[in-house]
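Only one structure is covered here, and it is reproduced in the block below.
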Amino acid sequence: MRVALFVTCVNDAVYPSTGIATVRLLERLGVEVDFPRAQTCCGQPQFNTGYRTQAEPLVRRTARAFAGYEYIVTPSGSCAAMVRDHYPAFGESALGPRTYELTEFVVDVLGVTDVGAWFPYTVTYHPSCHGLRNLRLGDRPRRLLQAVRGLELRELPGAEECCGFGGTFAVKNAEVSLAMGRDKIRNAAGTGAAVLCGADNSCLMHLGGIIRRQDAPLRPLHIAEILGATEEHPYAQEPCG
């Protein structure tokens, strides 16, 4: 099976290790991964802020970059939701049904929950809003985490509450965003887990900033980096705790 990796601009610019882990995971599962070099931002920041005219060229470019691929896989529920929910408003409806968030692709398309990962740490999982509410990922990420050898998954109180990022919401409503993020970190730290896992690095970036300022005993980490780790190629950094 051959797929196109839609890495997203946040991962490409700030969290390249997530893209690398995604490729490593998919190739381990027998998937051939292409990286269309013409891809760039999907237009979500512009669209969500009301700048539809500025978003449109990015929508068109993304549609051209991924034309011809049966499966498009992204380690971002937020960007997957943009393509599925809002691209049809620009007349680009063909891309949505072929675009999958990473955990959704692994569970639903590949039919796998045990990916052969090894991660001997305590983890709590935060479901980001786009994955939870727009894509309705449900328990797919948790099922994958529960099958990881050595991993102890701890329930996150108030898991379904927003972390406060919300893209430009965090800029326009900084005080509210910060208060929501602090609540999330307090709940995560209360589990005693060493790792706060999520499937969207934009949310983890927001939470990670709060963790650093509070010196909380947590490491924010994308689920792809957990699922990509094995005993032969373990996660390279020691999490907190």
Filtered residues of the stretch 183-215 (kept if more than 22 Å from V10 (Cβ to Cβ) and in a helix (DSSP H, G or I)): D183, R186, N187, A189, G190, Q214
Look through the stretch 132-179, keep the residues that are among the β-branched types (V, I, T) and not in a helix (DSSP H, G or I), and return whichever of them is least open to solvent (accessible area, probe 1.4 Å). V148
Counted residues in the stretch 1-22 being in contact with a Phe, Trp or Tyr (Cβ under 8 Å, 6 or more places away or on another chain) and not small (G, A, S) come to 6
Please return the ranges of helices (runs of 4 or more DSSP H) entirely within the stretch 1-118 where 2 or more residues are closer than 22 Å to L145 by Cα and free of Cβ contacts under 8 Å to residues at least 12 places away in the same chain. 16-28
When the stretch 15-74 is checked residue by residue, the ones that are of a type in the set (A, V, I, L, M), more than 16 Å from R2 (Cβ to Cβ), open to solvent by 40 Å² or more (accessible area, probe 1.4 Å) and over 19 Å from the mean Cα position of the chain (by Cα) are A38
Can you list residue pairs whose Cβ atoms sit under 9 Å apart, with the first residue in the stretch 152-171 being closer than 17 Å to V195 by Cα and the second being among the aromatic types (F, W, Y) and open to solvent by 30 Å² or more (accessible area, probe 1.4 Å)? Count only pairs 6 or more apart in sequence or on different chains. E152/Y121
Provide a single number: the residues in the stretch 120-131 that are over 18 Å from the mean Cα position of the chain (by Cα) and open to solvent by less than 40 Å² (accessible area, probe 1.4 Å). 1
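The values are calculated or read from the model by the stated rules, or taken from the named source; none is laboratory data. Computed from a predicted model, the values in this text were never measured in an experiment. Every residue, glycine among them, receives a Cβ derived from its backbone with ideal geometry; neighbour counts consider all protein chains shown. Ligands, DNA and RNA are stripped out before the accessible areas are found, and what is left, the full protein with its side chains, is counted by its heavy atoms. Shrake-Rupley method; radii C 1.70, N 1.55, O 1.52, S 1.80 Å.
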